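The values are calculated or read from the model by the stated rules, or taken from the named source; none is laboratory data. Since this is a predicted model, take the numbers as computed values, not measurements. Please note: Cβ atoms are built from the backbone with ideal geometry, for glycine as well, and neighbour counts cover all protein chains shown. Surface areas here come from the heavy atoms of the whole protein model, side chains and all, with no ligands, DNA or RNA. Shrake-Rupley method; radii C 1.70, N 1.55, O 1.52, S 1.80 Å.
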Amino acid sequence: MKNFFNIQFFILILVSIFTVSCNRTDDEAPNFEEGTTEYTNLWVQDSMKRYYYWAGQMPVKPDYHLPVKDFFKSLLSPQDRFSFIVNTADTSTYPKSVRNMFGFDYTSLQLTNGEVVTVIKLVLKNSPASNSGLERGMMIKKINGQIITASNAEQLTASIPNQTVLELTVGNWQNGSIINEKNVTVYYGYSLEQPLMSKIFEKNGKKTGYLYIYDFPDGMTSALYQKFAEFKTAGVQELILDLRYNYGGSVSSAAALCSMIPAGISANSQFITYKGNKNGGEVKRTFSQQIAYDPSALNFNTLRSNSLDLNKVYILTSKSTASASEIVINNLKPYMQVVQAGEATLGKDMAGFSIEDKRKPKKITWQIHPVIYKVFNANGEGGYINGVTPQIAVNEYVNLPLRNLGDPDEVLLSSVLSKIYLKSMNTEIDGGKVKILFQSDGTAAEFSGLSFK
């Protein structure tokens, strides 16, 4: 998650917070010795009072003697499932998941015959998982020697963040069974930045662009610009965005993407509204303003030169579609028809930024990632805490093995291509035949970043 505020303004605000926390005049306010847990907790409380969306619900007299993480949790609203805190001096405090540690994700399924299978749904490029030979569509039979069942799938996944080596037994799915079993060792490691993937499909003279976007980091506008240049040169008439595994990221990058899709928008068209607590108030931003908050971004007019000027866009989603990717769905709706296919999204209708000690030398190493704003589109629509529901429910696991992303016969993609080219599509595609029991990224998206920038 990236810090995105104007640096001088941000430092000024933080200095004022530290001044309040270190030089209180309130007779009832505690005063703790620098370097103690209580001193850190007081800083956490002061920061949350200033920025936290639900600051008005925080306890008046919390227990300052609690460990920092426990103290932070004691401040949170029951409605909050996304705020978290980390100690930058202790990597063990950071959220961990199968994806960010090993570079892949999987889903445990119960088939129509009652059999339980676990399928690898995502393998990041240049990741420990890909380097070990794992591929999307492979089946995992065992994790560290234990056969995966409906009763232990969640427990096995919960144990993975405590390990640096995974021993997997994997195989290929053929005619209802796992074949070619082999043992694979996956070591904990770093996954490199994920590239955009695009394809162009053509049938009966109509061209459809497909764009898979893994996340929304700052600095991606040049790559988006290039992809849309290719689409525009080719004469693409329909667009499919694949955001099914996109946890989110920078709102500015999401705005840049959105700026190149619909017809009829200008630099001054409203893109987003942020609504915070009594301190944060309400902030409205146009497409141009939001994009410009990324200092490395191409400007709105440059991006618009490759606009497809469409009246409709298709977006593929799942429970891993979160934050900035949900903003893409919601904030395009005032300007065009959005046809969503797949699963309902995660439901992260909020944004924030990291808060940390900017003093030199730094006295507190903790970094807070709180919910600060609720987000709304140009029509004032938001509130999708339960996720954005697709018009067309599609279970991507209905046909095994899973095909590669971008394959025209892959379930989600083919369902939308059928809609485009055959002008017909069921409102639900075999959604009830295969039951999803557990997904390894089920909670990881809750710790994903949505940068106010």
Filter result for S325 (under 30 Å from V68 (Cβ atoms) and not aliphatic (A, V, I, L, M)):
no
When you check P62 against the structure, is it open to solvent by 10 Å² or more (accessible area, probe 1.4 Å) and in contact with a helix residue (DSSP H, G or I) (Cβ under 6 Å, 6 or more places away or on another chain), yes or no?
yes
Mind checking which residues of segment 100-156 are open to solvent by less than 10 Å² (accessible area, probe 1.4 Å), in contact (Cβ under 8 Å) with a residue 40 or more places away in the chain and more than 22 Å from V411 (Cα to Cα)?
M101, F102, G103, S127, A129, A153
In the set N330, N379, N301, which member is open to solvent by 20 Å² or more (accessible area, probe 1.4 Å), in a helix (DSSP H, G or I) and at pLDDT 95 or above?
N301
Answer yes or no as to whether I178 is open to solvent by 10 Å² or more (accessible area, probe 1.4 Å), in a strand (DSSP E or B) and modelled with pLDDT of 95 or more.
yes
Run down S159, S198 and say which single residue is at pLDDT 95 or above and open to solvent by less than 40 Å² (accessible area, probe 1.4 Å).
S198
Do you know which residues across segment 304-326 are open to solvent by less than 10 Å² (accessible area, probe 1.4 Å) and in a strand (DSSP E or B)?
V313, Y314, I315, L316, T317
Enumeration of residues in segment 277-298 that are under 16 Å from Y225 (Cα atoms), in contact (Cβ under 8 Å) with a residue 24 or more places away in the chain and either among the polar types (S, T, N, Q) or open to solvent by 30 Å² or more (accessible area, probe 1.4 Å) (or both)
A292, S296, L298
Residues satisfying the stated conditions in segment 121-154, i.e. among the aliphatic types (A, V, I, L, M) and touching a helix residue (DSSP H, G or I) at 6+ places or on another chain (Cβ under 8 Å):
L122, V123, L124, A129, I143, I148
Taking segment 201-249 and keeping residues more than 19 Å from S318 (Cα to Cα) and open to solvent by less than 10 Å² (accessible area, probe 1.4 Å) leaves T208, G209, T221, L224, F228, F231
Are any residues in segment 348-370 among the β-branched types (V, I, T) and either open to solvent by 10 Å² or more (accessible area, probe 1.4 Å) or within 19 Å of Q290 (Cα to Cα) (or both), and if so, which ones?
T365
Which condition number in (1) under 23 Å from the mean Cα position of the chain (by Cα); (2) part of a loop (DSSP other than H, G, I, E, B); (3) under 29 Å from K419 (Cβ atoms); (4) not aliphatic (A, V, I, L, M) is the one that P295 fails?
(3)
Just name the residue that is nearest to F228 (Cα to Cα) out of those in segment 250-276 that are of a type in the set (G, A, S) and surrounded by fewer than 24 Cβ atoms within 10 Å (Cβ to Cβ).
A263
Hydrophobic (A, V, I, L, M, F, W, C), in a strand (DSSP E or B) and within 21 Å of the chain's Cα centre (by Cα), is that true of L257?
no
